[in-house]
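Structure, as structure tokens:
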Amino acid sequence: MGAQLRVYKRRIRSVTATKKITKAMEMIAASRIVKAQRQVAASTPYATELTRAVTAVATGSATKHPLTTEAETPVRAAVLLVTSDRGLAGGYSSNAIKAADQLTERLRGEGKEVDSYIVGRKGVSYYGFRERRIVESWTGFTDSPTYADAKKVAAPLIAAVQQDTAEGGVDELHIVFTEFVSMLTQTPVQHRLLPLSLGEAAEESAAKGEILPLFDFEPSAEDVLDALLPRYVESRIYNALLQAAASKHAATRRAMKSATDNAGDLIKSLSRLANAARQAEITQEISEIVGGASALADATAGSDR
């Protein structure tokens, strides 16, 4: 019985140490969410206004720019998937990967080839394990992305869109990331970045009661689009990276809180078992003492006779 009690105590110590670790990770994730939320709030207005400016330029001119004009028969699409470099975040990365798989299947069902671009070690490992082709990948900055990281990711994607499909270019650019809705809700979303859907952008502005401004172009609308669209892609990717980072920290906090609560419940259960084992051990010791005393009394009584 003593050996069983030692096993329970050892397990309680182990679970208690794990609980301290998960509690610390929960607090770290909670502190990082605040910073990530501020960055998301700061970058979203810029990305939104830049999208409005590009939409206004594109709709206010008759220029057919390759980054705003849809191909008649698109044959290849690029999909940028944003995952995490680290785990311990519940289903954060797996949900984003599932959304990317669904988008890829839909694009292939439309007769398009799909080029995969991955951000985060989790996505890279998933695709590598299944021997799926990755055109380019980036790791090491998903917890705290910067605008320089977004430019690094955007550069090959913009080049692929500008390149002819016969030479390896793409007709469309899609992005899959996890949108930060609240501390409790993070949703994987799919967006088509290029070609810019002017109709949807105009309808969205009309629904908000906004009127797109009129512009005079110097030197030309095409030159303006050439300058604006790379910034548009960079800003949207940067905002997506920040949204994904905030979502990841929120998912980590939720997962670590659940682990901490489960560890507490397990400690209570093990403590009850340890107490029961200890009580059984004490009862057995008392029984042995009483039995020994009775045997001794019987032996003494027999000798007296």
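The values are calculated or read from the model by the stated rules, or taken from the named source; none is laboratory data. Remember, predicted model here, so these are calculated numbers, not experimental data. Every residue, glycine as well, gets a Cβ built from its backbone with ideal geometry; the counts of neighbours run over all protein chains shown. When the accessible area is computed, the model is the full protein with side chains, heavy atoms only, and any ligands, DNA or RNA have been set aside. Shrake-Rupley method; radii C 1.70, N 1.55, O 1.52, S 1.80 Å.
Laid out as a table, the results:
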read-out: Antiparallel %, DSSP beta bridges [both residues in the range 35-257], to 5; value: 35
read-out: Magnitude of the charge dipole, the chain, Cβ model with Lys/Arg +1 and Asp/Glu -1, debye to 20; value: 2100
read-out: Whole-Å distance, taken between Cα centres, linking the range 238-266 and the range 77-152; value: 19
read-out: Within the accessible area of the chain (1.4 Å probe), percent carbon and sulfur; value: 53
read-out: Solvent exposure ordering (accessible area, 1.4 Å, most first) of LYS257, LYS9; value: LYS9, LYS257
read-out: Sequence-separation-based contact order of the range 35-257, relative, with Cα cut under 8 Å and 6+ spacing, percent; value: 34
read-out: Whole-number percent relative contact order across the range 121-187, with pairs defined as alpha carbons under 8 Å at least 6 apart; value: 14
read-out: Farthest positive-ward along the chain dipole, Cα basis, beta-carbon charges - from GLN186, GLN4, THR142; value: GLN4
read-out: Unit charges at the beta carbon, dipole of the range 89-140: most positive-side option, SER116, ALA89, LEU103; value: ALA89
read-out: Residues with amide H under 5 Å from that of VAL114, placed H, sequence gap 5 or more; value: ALA77
read-out: Correct option for volume of the Cα convex hull per residue in Å³ [calculated from the coordinates] among [x] 171; [y] 218; [z] 307; value: [x]
read-out: Amide H contacts of LEU193 (H built 1.01 Å from N, under 5 Å, at least 5 apart or other chain); value: LEU173, HIS174, ILE175
read-out: Computed [θ] at 222 nm, deg cm²/dmol, the chain (DSSP H ≥ 4; -39,500 (n - 2.57); rounded to nearest 500); value: -23500 deg cm²/dmol
read-out: For the range 3-134: rounded, prolate or oblate by the Cα gyration tensor [a/c cutoff 1.5]; value: oblate
read-out: Cleavage-rule hits (GluC sites (Glu not before Pro)) in the range 42-145: DSSP loop, at most 15 neighbouring Cβ within 10 angstrom; value: GLU70, GLU72, GLU110, GLU131
read-out: Surface per residue (accessible, 1.4 Å probe) for the range 35-257, Å²; value: 48
